[in-house]
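The values are calculated or read from the model by the stated rules, or taken from the named source; none is laboratory data. Since the model is a prediction, treat every value here as computed from it, not as a measurement. Methodologically, a virtual Cβ is constructed for each residue, glycine included, from the backbone with ideal geometry; neighbour enumeration extends over all protein chains shown.
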Amino acid sequence: MTTIPRDRLRELLDAVLDDENDTVAEMATDAFTSPFHFGRQVALGSGESPMAMRRRVMLERAAWQLRQGMTVTDAAWAAGYGSVEGFSRAYSRAFGHPPSTSAGRHWLPAPNGIHFHPPTSLWVRATEQTMNPLVSQLVAHDLDDTAALLGIAETLPEGVLRAPRQSGGTVTAWEGPEESICAVLDHHVHTKEVWLAAIEGADDVPRHSDADVATLRVRHEALAPRWLGFIQDLDDRGGWDDRLIDALCDPPESFVMSSVVAHVLTYAAHRRQLVRAMLAEAGVEVDSGDPILWFRASRGEE
C-alpha cells in the first residue's frame with residue numbers, strides 16, 4: 001500500500017484561501033493549530049503573512065474575474081471587501097489602475113511564486129521574478145498620487161485651475177511654461193503618454209493645453225496600466241540596459257531604458273509637489289505627498 005505524504009504547507013495555504021476564512025483565527029481553526037503557530041508556519045513556508053497572501057491572491061482572482069465580465073461590485077464582495085470603495089482603493093494600489101480598467105495581467109509580485117490560477121486553483125512558479133521594491137514603490141506611488149491629485153483638482157473651478165501661479169515657470173526647457181495647476185497636471189500626464197508612444201512604436205501624442213481635468217483623469221486612467229505593464233515587463237526580462245531608438249525625436253535619439261524610467265519618475269515627483277504648492281496657494285488643503293505615509297496606508301498600517 002502506497003502512502004501519499006502529507007503536504008502540510010498546502011493544507012495551510014488551503015486554510016488561508018478558503019472563502020469562509022476571513023481572519024487568521026478562522027484559518028488556524030481549519031488547520032487545527034493556534035493562530036500564533038499558524039501565522040508563523042505560513043510565513044516560514046511561504047515568506048508571506050497569511051493575511052497579506054490572502055489579500056494578494058484575492059485581488060489576483062478579482063482581476064481575472066473582472067476580465068471575464070464580472071461587475072466591480074460582485075468582484076469586491078467575492079474578494080471579501082466590505083465596500084466597493086475599499087476594494088477599488090486596494091485594487092488600484094496593487095495594479096496601478098482602477099478595477100473599471102481592464103488589467104493586462106492578473107498576477108501581482110509575490111515572494112513565493114504562489115498565484116491565483118483560474119478558475120479556482122493556485123499556481124506556484126518555480127522561480128518568481130519580483131520587482132525591486134524601491135522601483136515598485138516609486139512607480140506605484142507616482143500613479144496613485146497622480147490619481148489623488150487629479151481627483152482633488154476635478155472638484156475645483158476652472159478659474160482656480162487655470163490661474164497663473166508662477167509667471168514663466170518651467171519644469172523642462174523643451175516643454176514650455178507650466179504656470180497653472182492645470183498646465184502642470186497636463187504636462188505631467190502627457191510626459192508618460194509621449195514616452196509610451198515611443199516605446200510602443202505609436203504616433204506622437206499631441207498635447208492639448210486646453211484639456212480639462214476630467215479629461216486628464218480619463219487619460220491617466222488609460223495610460224496607468226500601460227505604464228505599469230511596461231515597467232513590469234522591463235523588470236521581468238531584465239531589460240533595464242536595453243536601448244530605445246526614439247524616432248519621434250528630430251534627429252532620432254538613443255535612450256537607455258533605466259534612464260527613461262528615472263527621468264519620468266524624477267520630473268513626475270517634482271510636478272506632483274509643484275501641484276501641491278499651487279493648491280496650497282489657492283487655499284486648498286492637501287497632504288504632504290510623503291511616500292512613507294502612502295506606503296503605510298497601502299499596507300493598512302494607518
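With the requirement that a residue be modelled with pLDDT under 85 and more than 20 Å from the chain's Cα centre (by Cα), what does the range 201-225 give you?
Listed by number, the residues that qualify are GLY201, ALA202, ASP203, ASP204, VAL205, PRO206, ARG207, HIS208, SER209, ASP210, ALA211.
Report yes if some residue within the range 82-103 is touching a Ser or Thr at 6+ places or on another chain (Cβ under 7 Å) and either farther than 30 Å from ALA211 by Cα or modelled with pLDDT of 90 or more (or both); otherwise report no.
yes
What residue, among those in the range 192-233 that are touching a Ser or Thr at 6+ places or on another chain (Cβ under 9 Å) and small (Gly, Ala, Ser), is nearest to ARG272 (Cα to Cα)?
ALA224
For residues that are assigned to a loop (DSSP other than H, G, I, E, B) and within 27 Å of ALA78 (Cα to Cα), scanning just the range 116-157, find the one that is modelled with the lowest pLDDT.
GLU128
Kindly indicate which of ASP210, ASP203, ASP235 is surrounded by 14 or more Cβ atoms within 10 Å (Cβ to Cβ) and not assigned by TED's automatic domain parsing to the domain that holds ALA63.
Selected residue: ASP235, the only one of ASP210, ASP203, ASP235 that is surrounded by 14 or more Cβ atoms within 10 Å (Cβ to Cβ) and not assigned by TED's automatic domain parsing to the domain that holds ALA63.
Name the pairs: first residue in the range 200-218 and in contact (Cβ under 8 Å) with a residue 60 or more places away in the chain, second residue loosely packed, with under 12 Cβ neighbours inside 10 Å and among the small types (Gly, Ala, Ser), Cβ to Cβ under 8 Å, at least 6 apart or on different chains?
From residues that are in contact (Cβ under 8 Å) with a residue 60 or more places away in the chain, the pairs are ARG217/GLY151.
From GLY39, GLY80, GLY69, GLY45, grab the single residue that is small (Gly, Ala, Ser) and surrounded by fewer than 14 Cβ atoms within 10 Å (Cβ to Cβ).
On the way: GLY39 fails: surrounded by fewer than 14 Cβ atoms within 10 Å (Cβ to Cβ); GLY80 fails: surrounded by fewer than 14 Cβ atoms within 10 Å (Cβ to Cβ); GLY45 fails: surrounded by fewer than 14 Cβ atoms within 10 Å (Cβ to Cβ).
Exactly one residue qualifies, and that residue is GLY69.
Anything in the range 71-97 that is aromatic (Phe, Trp, Tyr) and without any contact (Cβ under 8 Å) to a residue 24 or more places away in the chain? List them, or say none.
Listed by number, the residues that qualify are TRP77, TYR81.
Residues in the range 43-57: is at least one among the polar types (S, T, N, Q), within 30 Å of ALA224 (Cβ to Cβ) and touching an Asp or Glu at 6+ places or on another chain (Cβ under 6 Å)?
No, the range 43-57 contains no residue that is among the polar types (S, T, N, Q), within 30 Å of ALA224 (Cβ to Cβ) and touching an Asp or Glu at 6+ places or on another chain (Cβ under 6 Å).
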